[in-house]
Amino acid sequence: MSAVDPSPPVESVDRALVLLTSLRRGEVLSVSDAAAILGVAPSTAHRLLSSLVFRDYAVQDRDRRYRLGPALIDQRAESLTLSRIRSLAHPALEKLNDDLGETVQVMVRHGRNIRFLDGVECGLPLRVGVRVDDEMPAHCSAGGKAILAAMSAAELDRLYANGLPDWPTARYRDLPSLKRHLSRIRQQGYGANFEETEQGVSGLGVAVRDRLDRPVAAFTVAVPASRFVRSQVPEMRDALLRTANEFQEALHAGE
C-alpha cells in the first residue's frame with residue numbers, strides 16, 4: 001500500500017466513523033440529520049446508528065435522537081483514572097482482605113458492564129476467585145449496583161435507553177424495578193448481590209467517588225453463598241465503607 005495513495009476506505013466503516021466524529025463533538029443527531037451528513041437514505045443512516053447503539057458507542061434518547069454512548073465516554077475517563085485507581089487500590093485491597101478474610105476486588109463501570117481491575121483472594125479452600133479484566137452486567141453486581149445508585153436518573157435513562165442487558169441469574173429485568181432497588185441502595189449506602197451474577201456467589205459493594213461526587217469505582221467483597229450469612233453484613237459494610245473513604249482521600253489528594 002502506498003503511503004501517498006492509500007486504499008479507499010470501506011464505505012460502511014467510513015460512514016460509521018463520520019457519525020462517531022460528529023457524536024464526539026457533542027452533536028445530537030436524528031436519523032434525518034445523520035442521513036444528511038452522510039448523503040444516504042434514512043434507512044441506511046438508521047442501520048448505522050443502530051449498530052453504534054448495539055456496541056454502546058451511541059445511545060438513543062427519549063426524543064429518538066442519538067448522542068455519544070458510554071463506551072466512548074468511559075474510555076476518555078479511563079485514560080485519566082484507571083492507572084491511578086490500580087496503583088492506589090492494591091494496598092487497600094490487601095488490608096480489606098486481612099480485615100474480612102474473604103476475596104475482595106475493585107471494579108469500574110464500562111458501559112453497562114463492570115470490569116474487575118484488581119483483587120486479592122482469601123486463603124480458604126472454598127473461595128471466590130479474582131477475575132481481573134472480566135466483565136459482567138453492572139445491574140447484577142454488588143459493586144455495579146453501588147456505582148449505578150450514585151448516578152442520576154437521567155444518566156440511568158441514557159445508559160439503559162435500550163433496556164437492561166440479559167443475564168441468566170439477573171434479579172432485575174427492567175429499568176423501573178432496577179431504579180426502585182437503587183433507591184434502597186442509596187439509603188443503605190451499599191449494594192448487595194445474592195447469587196445474581198452467578199449461582200453460589202454473594203457479596204457487598206461500596207462506590208468510590210471523585211471530587212465532583214461522580215462514581216469512579218467500587219470495592220467489593222465476594223463470598224461463597226454457602227458461607228454467607230446476613231449477620232455478617234454490618235461488619236462487611238463497615239469495612240468496605242472505611243476502605244472506600246480512605247481510598248477516596250488518597251485519590252482526591254492526587255487530583
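Before moving on, here are some points about what is shown:
- Near pairs, Cβ below 6 angstrom, 6+ apart or cross-chain, from region 104-126 (under 20 Å from S202 (Cβ atoms)) to any residue that is among the aromatic types (F, W, Y): Q105/F116; V106/F219; M107/F116
- Filtered residue count, region 196-228, keeping only those that are out of contact with any strand residue (DSSP E or B) (no Cβ under 9 Å at 6 or more places or on another chain) and among the hydrophobic types (A, V, I, L, M, F, W, C): 1
- Members of region 208-228 that are among the polar types (S, T, N, Q) and either within 20 Å of H110 (Cβ to Cβ) or at pLDDT 95 or above (or both): T220
- For region 24-49, a residue qualifies if it is under 16 Å from D63 (Cα atoms) and in contact with a strand residue (DSSP E or B) (Cβ under 7 Å, 6 or more places away or on another chain), and the qualifying residues are V28, L29, L49.
- Test: residue in region 158-168 that is surrounded by 15 or more Cβ atoms within 10 Å (Cβ to Cβ), without any contact (Cβ under 8 Å) to a residue 40 or more places away in the chain and either aromatic (F, W, Y) or not in a helix (DSSP H, G or I) (or both): yes
- Residue within region 70-85 that is surrounded by 16 or more Cβ atoms within 10 Å (Cβ to Cβ), modelled with pLDDT of 85 or more and assigned to a loop (DSSP other than H, G, I, E, B) present: no
- Residues located in region 169-214, provided they are part of a helix (DSSP H, G or I) and of a type in the set (S, T, Y): S177, S183
- Considered as a group, the residues in region 160-207 that are of a type in the set (S, T, N, Q) and in contact with a helix residue (DSSP H, G or I) (Cβ under 7 Å, 6 or more places away or on another chain) include one that is modelled with the highest pLDDT, and that residue is N193.
- Counting the residues of region 172-188 that are surrounded by 15 or more Cβ atoms within 10 Å (Cβ to Cβ) and closer than 25 Å to P224 by Cβ gives 3.
- Here Q232 meets each of (1) more than 30 Å from S50 (Cβ to Cβ); (2) surrounded by 15 or more Cβ atoms within 10 Å (Cβ to Cβ); (3) in contact (Cβ under 8 Å) with a residue 12 or more places away in the chain with one exception, condition (3).
- Selection of region 236-255 for residues being in contact (Cβ under 8 Å) with a residue 60 or more places away in the chain and exposed (fewer than 12 other Cβ atoms within 10 Å of the Cβ) yields only G254.
- The selection criterion, being modelled with pLDDT of 90 or more and either among the hydroxyl-bearing types (S, T, Y) or loosely packed, with under 11 Cβ neighbours inside 10 Å (or both), holds for G39.
- Of everything listed in (1) over 26 Å from A244 (Cβ atoms); (2) more than 16 Å from the chain's Cα centre (by Cα), the single unmet condition for S183 is (1).
- Filtered residue count, region 86-116, keeping only those that are of a type in the set (S, T, N, Q) and farther than 17 Å from R127 by Cα: 2
The values are calculated or read from the model by the stated rules, or taken from the named source; none is laboratory data. The structure displayed is predicted, hence computed values, not measured ones. Because the Cβ atoms are built from the backbone with ideal geometry, glycine has one as well, and the counts that use them run over all protein chains shown.
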